1. Can you tell me which residues in region 476-488 are part of a helix (DSSP H, G or I), among the hydrophobic types (A, V, I, L, M, F, W, C) and either modelled with pLDDT under 95 or open to solvent by 10 Å² or more (accessible area, probe 1.4 Å) (or both)?
2. Do we have any residue at all in region 193-211 that's in contact with a helix residue (DSSP H, G or I) (Cβ under 7 Å, 6 or more places away or on another chain), surrounded by fewer than 23 Cβ atoms within 10 Å (Cβ to Cβ) and closer than 20 Å to Arg236 by Cα?
3. Considering only residues that are within 20 Å of Ala561 (Cα to Cα) and either open to solvent by 10 Å² or more (accessible area, probe 1.4 Å) or in contact with a Pro (Cβ under 9 Å, 6 or more places away or on another chain) (or both), which ones fall in region 428-443?
4. Quick check on my filter: what residues within region 139-168 are farther than 20 Å from Glu315 by Cα and surrounded by fewer than 24 Cβ atoms within 10 Å (Cβ to Cβ)?
5. Has region 72-87 got any residue that is touching a Pro at 6+ places or on another chain (Cβ under 9 Å), crowded, with 24+ Cβ neighbours inside 10 Å and aromatic (Phe, Trp, Tyr)?
6. Tell me, please, whether a residue that is small (Gly, Ala, Ser), touching a residue at least 60 places away in the same chain (Cβ under 8 Å), touching a Lys or Arg at 6+ places or on another chain (Cβ under 8 Å) and open to solvent by less than 40 Å² (accessible area, probe 1.4 Å) can be found in region 378-391.
7. What pairs come up if the first residue lies in region 217-236 and is on the phi < 0 side of the Ramachandran plot, the second is open to solvent by 60 Å² or more (accessible area, probe 1.4 Å), and their beta carbons are under 6 Å apart, counting only those six or more places apart or on different chains?
8. Please count how many residues of region 121-153 are assigned to a helix (DSSP H, G or I) and at pLDDT below 95.
Amino acid sequence: MTRLYDDPSAFTDDMLAGFLDVHRGSVAGVPGGVVRATETPPGKVAVVVGGGSGHYPAFCGVVGPGFADGAVVGNIFTSPSAQDAYSVGKAAAGDAGLIFSTGNYAGDVMNFTLAQQRLCQEGIDTRVVFVTDDIASAPPSDVHARRGIAGDFVVFKVAGAAAEAGYDLDAVERAARHANDRTRTLGVAFGGCTMPGGTEPLFTVPAGRMGVGLGIHGEPGVGEDALPRAADLARRLVSGVLAEKPAGSGTRVTAILNGLGTTKYEELFVVWRTVARLLAEEGLQVVAPEVGELVTSLDMAGCSLTLVFLDEELERLWCAPADTPAYRRGQVEPRTAAPARRTESTQAEAVAAVSPSTPGSRACGRVVVAGLEAVAAAMAEAEGELGRIDAVAGDGDHGRGMVKGSAAALAAARDAAGAAAGARSVLVAAGEAWAAKAGGTSGVLWGAALCAIGERLGDDREEIAGADVADAVRAGLDALQRLGGARPGDKTMIDAFAPFADALAERVRGGTELAAAWREAAEVCEVAALATAELRPLVGRARPLAERSVGTPDAGATSLALCARAVSGVLSLAR
């Protein structure tokens, strides 16, 4: 298990502080992650990779010549926020555009896409390439729904080498997408990983068994099988990956036998002995293979096999030199000395002027603060249980994310209310802070919902009635659905949010005063959240483990119901 930490909630920040000190000559810290210590040269496309932490050497360990220009580093197994991705992208970008690349997970897709849109609006041409190499996570007919696992390393390396070679933005994007199209991975796990501060692994594997088709965020395998000898495991991995050999592939491949955290290098070499023979028997020539830990999952026991079906360009880019804190290949040709990077914050630090507000709106803002106090307390109390529910078919980070997000939202709301802000300004400040500090799917969705609720309420109403609150809640639901794309029945927080919004509006229209209407709607929300136990997830990280999820309620729906119940008590006292 993960034993060495100070404050588990600050594990990522503490890790980055140590990493930056050790490698202070080659990388520099910026809000949200790390960048090279020197400025991106004129004419060079910047490549920024990233995702949650817990995967070292991915992602911060591959920042350097021949590889990435920056890495966005989220909380453990949690997508970085859009603000963090924007911050690192803005710091790394030169004058030739920017490529983001990350694994294909819902939170990463939303947050990196939002950052891309913001950078493009500021005149920085930005593209995003999502990695989809995990053959176990979706069938070939649904390849765009597949996860990115150890194939991340391949796509990042090819994109970085292409940018270093002087490719323009279109060509770097093309090379990265081509690498992704030619990369396939299958992984197995012998034991789950433990979050810092946790006492139990996110999943367990029975003695003598292995999980097949694991994720890299602590998710269990999509199936289970008997634990074989090393040679038989090699056969399983090779046959599984070769079954999806791209049409038109040649005979040259590269391979990564990747350790996930606690599988010894000696064990990996034993497996590789048979992998190499089997590939040769298939008539494949292996070019520059890698055996070791490249994309890990904290202390997970397991390994994965990645094959990249090469052509001349991919082989040249894969074999190109690189010099980073965790990965070196060949000799990087020295460039003309580049200036040291200035690492001042790219985030807007100035506090925005408070919009004029009415006394009634300011009073509503104070109720919002009280509601967020209750929500933050409820999330702190439920953190462990929410993490347990999430770990059944996901990565176990939901409780920690809700705690970080609600605490950040509360702090921002208090500041805004203290500056005499109205309901809109308090809620928007809270939403922006929740999204920026929590990251992940739930962070960006909660942030969008709170901001939409605030925009609907405004700062200028003399009186805020129950109907106004019901309309604002509906606006929050609409914003969440537009951003996340989930629908009722997908086993997400929508399955609790939509019944809550419907019940609140119905009771308010029927003449029930707000506190009672909210209380009754919260009860509907709780029932709906429990009912998600019978659903199969159709989106998000739990989708590849849909059957395992049946019988357990959705973590996002559960936390929403807890929040609705917490606010109910505040409204009753505020009458």
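The values are calculated or read from the model by the stated rules, or taken from the named source; none is laboratory data. Remember, predicted model here, so these are calculated numbers, not experimental data. A quick note on method: Cβ atoms are made from the backbone with ideal geometry, for glycine too, and the neighbour counts reach across all protein chains shown. These accessible areas exclude ligands, DNA and RNA; they are computed on the full protein's heavy atoms, side chains included. Shrake-Rupley method; radii C 1.70, N 1.55, O 1.52, S 1.80 Å.
1. Hits for region 476-488 are Ala479, Leu480, Leu483.
2. no
3. Hits for region 428-443 are Ala435, Gly440, Thr441, Ser442.
4. Correct list: Pro139, Pro140, Ser141, Asp142, Val143, His144, Ala145.
5. Scanning region 72-87, I find no residue that is touching a Pro at 6+ places or on another chain (Cβ under 9 Å), crowded, with 24+ Cβ neighbours inside 10 Å and aromatic (Phe, Trp, Tyr), so the answer is no.
6. Yes, some residue in region 378-391 is small (Gly, Ala, Ser), touching a residue at least 60 places away in the same chain (Cβ under 8 Å), touching a Lys or Arg at 6+ places or on another chain (Cβ under 8 Å) and open to solvent by less than 40 Å² (accessible area, probe 1.4 Å).
7. Glu224/Arg209; Leu227/Arg209; Ala230/Val270
8. The total comes to 6.
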